[in-house]
1. Please specify each residue of segment A:158-190 satisfying the condition of being at pLDDT 90 or above and within 14 Å of another protein chain (Cβ to nearest Cβ).
2. If you check A:VAL458, A:VAL453, which single one turns out to be in contact with an Asp or Glu (Cβ under 6 Å, 6 or more places away or on another chain) and either at pLDDT below 90 or under 30 Å from A:THR429 (Cβ atoms) (or both)?
3. B:TRP173 versus (1) more than 9 Å from chain A (Cβ to nearest Cβ); (2) closer than 23 Å to B:GLY258 by Cα; (3) in a helix (DSSP H, G or I); (4) in contact with a helix residue (DSSP H, G or I) (Cβ under 8 Å, 6 or more places away or on another chain): which is the lone unmet condition?
4. Please list, ordered by first then second residue, the pairs with beta carbon atoms under 7 Å, 6 or more apart or interchain, first in segment A:484-508 and under 21 Å from A:SER21 (Cβ atoms), second of a type in the set (Asp, Glu).
5. Residues B:ALA188, B:ALA156, B:ALA150: which one is surrounded by 20 or more Cβ atoms within 10 Å (Cβ to Cβ), hydrophobic (A, V, I, L, M, F, W, C) and within 13 Å of chain A (Cβ to nearest Cβ)?
6. Scan segment A:88-117 for residues that are closer than 20 Å to A:THR404 by Cα and assigned to a loop (DSSP other than H, G, I, E, B) and jot them down.
7. I need the full set of residues from segment B:282-299 which are surrounded by 17 or more Cβ atoms within 10 Å (Cβ to Cβ), closer than 22 Å to B:GLY146 by Cβ and over 11 Å from the mean Cα position of the chain (by Cα), in order please.
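The values are calculated or read from the model by the stated rules, or taken from the named source; none is laboratory data. Remember, it's a predicted structure, so these values are computed and weren't measured experimentally. Counting neighbours? That spans all protein chains shown, and the Cβs are built from the backbone with ideal geometry, glycine included.
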Amino acid sequence: MAHAAACSLEPHQPYGRARTSGTTLRLQVGGAPRTYGELDPARAHSATARGVAMELFRGLVALDGVGDPQPDLAASWSMEGARLRLVLAPDLRFSNGDPITTTEVLWSWRRALRPSTGTQDLRPFLIFRHGEALVRRRMRRVGMEGATAHPAPFPTLQRAAVDVKRSLFQPGEAVVVLDTNARAPCCDAPVQLWRDVPAPGAAPEAAGTLLVGEVGVVVGVHALGDAIHLQLRAPGGAVGWAADSALAVHVPEPGIVPVVDHGGGVLLRAGPDEDAPVRGVLEDEDLVEIVETDGPFMGVVVLKSGARGFVARDDVDTDARERAWLRVRALASVVGADRTWDAQHAAELAASSDAESPHEQREGWLREDALVFDPALLDAQAIDDRSLVLHLAPGTSALEALGTLAAPVLRPVPPRTVAAHGHGWTEPTHIAVSGAFKPKEEVRTAPHDLALVLVPTVMRGGVERVELYSYARDITALHLYRVGFLDGILDGGLPRALIPALAQAPDFVPGPGGGALISVDVRGLPAVPLDLRAVTLHGGPAHRSDPGPSP
Amino acid sequence: MMVYVLRRLVRIPLVLLFTFIPALVLVRAAPGGPWDPSRQLTHEVESALVRWCATDETPLLQIIGSALVWMRFDVDGCTGRSLRDATPVLEAVRRAAPVSFALVACAIATAVVVGLILGALLARSRTQVRERAGAASLAVVEAMPGFVLAPVLVLAGSLTWGLFLPARPQSLWTWAVAVAALAAPFCASASRVVRDALRDPGAEMRRRADLARGLSPRRCSVRALRLATLPLAAHLGTMVSAVIMGSMAVEWVFDIEGLGPLVLEAAHASDVNVLLGGTFAYAAGVLTANLSVELIYGLLDPRVRSRR
């Protein structure tokens with residue numbers, strides 16, 4: 001049917017008929033957010049979800065049609081060596097009236113780095129100095145008590161003994177993780193464990209398997225020629241040998257521990273006090289991220305709900321953290337290459353750090369619970385309420401950095417709203433936006449089709465409502481576009497076999513995913529990504545610059 | 001009658017069990033199925049299945065065990081999860097089945113009503129031309145399957161003339177078109193049954209007897225029509241199964257989220273567990289529908305009620 005319709009088009013005849021939706025813009029998008037949680041710019045995982053997040057939240061910069069950065073929240077910027085200085089526009093606010101200052105910007109970035117936030121794409125942080133170490137969770141801070149380095153808790157992996165100085169790491173000192181006592185399958189395939197180190201010509205006896213996603217603890221090491229074999233204890237208890245080349249170093253997620261219900265319930269309190277109000281009750285084995293310690297209490301973020309609060313130290317199972325050992329090196333003295341930290345990154349880190357004594361190696365093994373993951377290690381500082389300075393990674397140009405600042409994960413979010421509602425802060429009743437649209441709650445009769453409804457914060461282009469649909473079958477969307485129900489099918493949503501026929505139609509827009517169909521009555525909508533800034537419906541005026549919510 | 005109904009209700013699970021076991025045998029033998037040691041599944045699905053698809057049990061025990069779990073409407077760890085994404089099959093079936101059965105119920109109701117009206121009109125044809133034209137029309141429509149009629153309706157009525165939405169019926173009007181596409185051939189067959197019943201020589205004799213007793217012609221017609229519902233009710237038994245099976249194609253064309261697309265997509269992806277769930281749902285639907293038809297017949301024919 002679709003073939004017949006597409007192939008029978010007259011020259012200059014659009015494929016879609018006249019719109020039937022008035023001031024509502026209806027679009028078929030792939031990967032539309034299915035839950036309100038995906039409206040969080042940090043947690044948006046699909047291109048469409050990121051596009052929606054960018055409609056809800058403004059960034060420091062915006063990218064124009066050719067990809068050049070334009071001022072948005074940041075009114076101006078300047079480059080000072082490897083440092084990028086940005087100045088925010090005055091009187092910026094979220095839709096609930098909360099101000100947008102450098103405090104909110106830095107808070108949002110640090111929040112995105114926390115494991116409990118569940119950020120999907122941390123790559124934009126690579127523009128920052130030490131960004132890669134932070135993204136890979138290999139940069140930690142020594143805990144408040146300080147720590148004495150130990151030799152390896154198991155036979156060293158190095159073929160030659162490492163001259164480890166029993167050095168003291170100062171509280172608050174930044175270190176980089178080089179190795180751990182945990183390994184996981186490296187390459188999406190289970191790793192067979194053998195009872196003995198496989199010898200040439202001998203048929204080894206199987207001792208178990210380390211499945212993808214499992215982590216084994218190293219309990220022994222053996223070098224056989226040029227190959228290194230590790231003895232692992234798998235989670236199921238099986239102990240066996242595997243080749244080091246089939247394994248990857250497993251750096252544990254910092255501070256993630258389960259709670260333990262000893263029978264009285266695990267209470268999440270508003271403060272580090274027995275008398276503090278109770279914010280919620282956690283279930284046994286719920287995972288939390290420890291963000292601070294305060295006497296007998298620990299400040300945590302609940303992974304499931306995003307709620308923040310304090311739990312008693314006794315209610316948290318820290319055994320796993322005590323069993324994990326990390327080999328660390330003080331950040332100021334990172335030199336040379338290491339098997340687990342390749343030469344290029346180590347050299348960049350050493351060159352960019354303020355090394356006082358570049359040839360001094362202070363390293364050793366610390367228990368994981370002696371270290372904390374501190375997102376404040378991100379090399380960005382606020383000068384005042386409107387000025388901030390970013391120290392860029394070596395080789396990062398200003399243009400590249402500015403382009404990356406437009407990424408959803410680097411867009412500021414309202415701290416008070418997030419702190420008050422956890423992961424539920426993006427629900428339509430709670431969310432505070434800084435962009436041109438906000439989500440609207442709808443009772444859906446067909447939950448699998450209508451993915452999201454957006455309404456503009458400021459009336460523009462004749463659009464009073466945007467409905468994003470996500471039909472599972474592309475033919476369905478095509479038929480609905482044909483009859484005028486849908487106003488557009490964005491790039492990647494067309495049946496591939498029909499693209500050559502549809503390409504002749506005036507409402508076809510080429511795109512990297514095959515192309516899009518956009519009604520001739522809709523102007524200013526690109527094929528990809530989702531960008532509603534300049535959209536006008538037939539006869540409506542266009543507003544090129546987004547005024548944002550009024551102060 | 002109540003005893004009969006209760007006996008049938010007790011038998012339904014047993015019949016379901018014995019119709020389901022051959023399906024499980026096929027799943028057991030299916031290459032790439034959950035019991036195939038060389039199955040190639042994603043890591044997520046594999047880790048969901050590996051604990052449950054124990055291969056140290058005999059095949060017979062595996063099959064019977066799975067069947068009993070299904071009969072409890074529980075999620076069998078081995079055969080009760082989709083081989084594509086490990087989601088419970090029964091959940092998908094629970095979402096899809098009401099939609100399919102609503103479509104089927106509307107189609108059957110339409111077929112019965114239209115069949116009665118059209119059959120009565122055709123039975124009154126007095127000229128040979130009208131009679132032949134009516135018979136030919138019924139034959140053509142009856143021979144036209146839903147998977148032909150539905151796309152024709154969509155192509156002409158929606159994509160060309162824009163009279164209704166081509167998919168995802170959101171209004172009564174588009175839903176009515178989908179129902180019409182499914183019901184059309186059954187309307188024709190029901191009309192034929194009613195027409196033949198009204199044309200039956202016995203029916204004519206009863207009508208004359210009623211007229212002789214002093215009943216009005218209209219009342220006689222109503223009585224005749226009521227008697228014609230008996231063969232129609234008898235015909236419903238085979239019709240229901242055909243409507244249920246035919247709904248798969250109509251749901252696919254109109255993209256209605258029923259059992260049809262669920263099963264067809266599973267077949268395309270070789271997801272035998274979802275196919276099993278669809279089989280379970282269709283079998284349960286057919287058995288329940290047949291029982292309903294028998295009850296309706298019993299309500300219409302007091303002789304049957306007293307015998308039961």
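1. Matches in segment A:158-190: A:ALA184, A:PRO185.
2. Only one candidate passes the filter, namely A:VAL453.
3. (4)
4. Listed by first residue and then by second, the contacts come to A:GLY493/A:ASP474; A:LEU494/A:ASP474.
5. B:ALA150
6. Hits for segment A:88-117 are A:ALA89, A:ILE100, A:THR101, A:ARG114.
7. Across segment B:282-299, the qualifying residue is only B:VAL293.
Yes/no per residue for (1) in contact with a His (Cβ under 8 Å, 6 or more places away or on another chain); (2) aromatic (Phe, Trp, Tyr); (3) within 14 Å of chain B (Cβ to nearest Cβ); (4) not in a loop (DSSP other than H, G, I, E, B):
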{"residue": "A:GLY201", "(1), (2), (3), (4)": "no, no, no, no"}
{"residue": "A:GLU214", "(1), (2), (3), (4)": "no, no, yes, no"}
{"residue": "A:VAL219", "(1), (2), (3), (4)": "no, no, no, yes"}
{"residue": "A:ALA223", "(1), (2), (3), (4)": "yes, no, no, yes"}
{"residue": "A:GLN231", "(1), (2), (3), (4)": "yes, no, no, yes"}
{"residue": "A:GLY237", "(1), (2), (3), (4)": "no, no, no, no"}
{"residue": "A:GLY240", "(1), (2), (3), (4)": "no, no, no, yes"}
{"residue": "A:ALA248", "(1), (2), (3), (4)": "no, no, no, yes"}
{"residue": "A:GLU253", "(1), (2), (3), (4)": "no, no, no, no"}
